[in-house]
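Have a look at the structure below, then the notes.
Taken together, the values in this text are just the output of simple stated rules run on the coordinates, not laboratory data. Predicted model, so just to flag it, every value in this text is computed and none were measured. Cβ atoms come from the backbone with ideal geometry, glycine included; neighbour counts cover every protein chain shown.
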Amino acid sequence: DVKVTQSSRYLVKRTGEKVFLECVQDMDHENMFWYRQDPGLGLRLIYFSYDVKMKEKGDIPEGYSVSREKKERFSLILESASTNQTSMYLCASRTGSTEAFFGQGTRLTVV
Amino acid sequence: DQQVKQNSPSLSVQEGRISILNCDYTNSMFDYFLWYKKYPAEGPTFLISISSIKDKNEDGRFTVFLNKSAKHLSLHIVPSQPGDSAVYFCAASQQTGANNLFFGTGTRLTVIP
C-alpha cells in the first residue's frame, strides 16, 4: 500500500521560530510537492521537486524553503514563522502523469 | 491567476439523489484531470481521473465528464450517500513536461440523510 507520511499531525510554534515539516514517501516517486490549504483558497503549491536536490518554486514560495537530499524525503522549512503561515500543510508525491498521493496533513498554528 | 476554478463553494443534496460538482479550467495545455475528496484533518484522497482523449470515465458511483471545447469537467455521484459529505477538489495537469498539479478551490458537498 502506497504511503506518504508527514512527521506531525499538529504543531504549535511561536512567531519567529524556524519550523521543519518532514515528508517521506515509500513509492520511489520522483516528484514531491508541498501545498497549503486555507479556507476558500483551495490547495496552493508552495514548492515542488522533480529529483533529488532539485526544487522549483510554486505559487506562494515566500517565507518558505525546501530540501530534498534523498529521493524519499522532502522537507519544508519556515525560516521565521509568522502568524499568516498558520495553515494545513499537505505533502504529496507523484510519478509521471499519474495521480498524486497525499500525506495526512500537518495542522500548523503559529502564535 | 487561478487556472482551475470551482465556482460553487458548497452543495447540498438529498441522500439517494445525484450530486454534480463542476470545474472549469483556463489552460488549454491541460490534458489530465483528477478529482480528490478530502475529509477534515486528513489529506486528500484520489477519486477518479480522466485523460483528454476521453470525454467520460466511470468508476462505480462516480463518473467524470470532460468537455474540452468548453474547458469544463464535472463529477457525478449517483446515488449520493451521507459518507460522501466532504470537500471535493478538481485538479489538472499536463501529461508531458512539468508534473505540477493545479487545484481548484474546492466544493463542500453535504449529503442530507
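Tabulated data
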read-out	value
Cα-only Debye scattering, chain A: base-10 log of I(q)/I(0) at q = 0.13, 0.18, 0.20, 0.24 Å⁻¹	-0.42, -0.82, -1.02, -1.44
Under the Debye formula (equal points on every Cα, no solvent term), log10 I(q)/I(0) of the stretch B:19-94 at q = 0.19, 0.22 Å⁻¹	-0.75, -0.98
Packing-based exposure ordering (other Cβ within 10 Å, fewest first) of B:His72, A:His29	B:His72, A:His29
Sites A:Lys13 and B:Arg108, calculated FRET efficiency, Cβ-Cβ separation with R0 41 Å, nearest 0.05	0.90
Members of A:Lys53/B:Lys37; A:Lys71/B:Lys38; A:Lys13/A:Lys70; A:Lys3/A:Lys70; B:Lys5/B:Lys71; B:Lys5/B:Lys68 lying beyond 20 Å, as alpha-carbon distances in this model show	A:Lys53/B:Lys37; A:Lys71/B:Lys38; A:Lys13/A:Lys70
Shape category assigned to the stretch B:6-56 from the gyration tensor of Cα positions, a/c cut at 1.5	prolate
Only Lys, Arg (+1) and Asp, Glu (-1) charged, at Cβ; the protein assembly as shown dipole about Cα centre in debye	320
Hydrodynamic radius of the protein assembly as shown per Kirkwood, over alpha carbon pairs, in Å	17.9
